[in-house]
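A short reminder: the numbers here are calculations on the coordinates, not readings from a lab. What you are looking at is a predicted structure, and each value in this text was computed from that prediction instead of being measured.
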Amino acid sequence: MKFKINLSPVRTDETVSAVSKIGAALVINSEEFDFGFLADGDTLPRSAITSDEIHSDVTRNGDIIELTIRLPHSADAPSSVRFPQPILVEQDGPLTMPGETNAN
């Protein structure tokens, strides 16, 4: 399963969300969203999701699940964070979000 993640930039003093992919699930700030039940062509309406992290309906087309998630950023964020490109995620594991550094 692949994810096409669109990003919705939000000006806030919060840090960038920790996001990882596990099969047909996304884990955002330790909260798991499993979309494995979606069949090809299905749409899960935004109103059915009780989280502020997801900002859109969730759709499945073939082996791609598409959704929009929140991307917190500071007032001085670069344009790559304020106007991010969608991310295509094919591999399981943690994601590096725009504005996040891998200083670990």
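Starting from the amide H of Val58, placed 1.01 Å from N in the peptide plane, find each other amide H under 5 Å away whose residue is 5 or more places distant or on another chain.
Leu44, Arg46
Starting from a Cα-only point model with no solvent, please compute log10 I(q)/I(0) by Debye for the chain at q = 0.23 1/Å.
With no solvent term, the Cα-only Debye profile gives -1.34.
Whole-Hz Karplus ³J(HN,Hα) for the stretch 29-35, in order, using 6.51 cos²θ - 1.76 cosθ + 1.60 and θ = phi - 60°, x for Gly and Pro?
6, 6, 9, 8, 10, 9, 10
Quick query: amide H of Leu71 versus all other amide H atoms, modeled in the peptide plane; which residues come in under 5 Å with a sequence gap of 5 or more or a different chain?
Ser8, Val10
Rounded to the nearest 500, what is the chain's calculated 222 nm mean residue ellipticity when only DSSP H runs of at least 4 contribute -39500 (n - 2.57) each, over all residues?
Helices in the chain give a 222 nm mean residue ellipticity of -500 deg cm²/dmol.
By how many nm would the segment from Lys2 to Ile87 lengthen if fully extended, with 0.36 nm per residue of separation less the alpha-carbon distance? Don't skip to the end; give the middle numbers.
Numbers: separation 85, 0.36 × 85 = 30.60 nm, distance 1.03 nm.
This chain segment gains 29.6 nm when fully extended.
Whole angstrom only: what separates the Cα centroid of the stretch 1-37 from the Cα centroid of the stretch 50-94?
7
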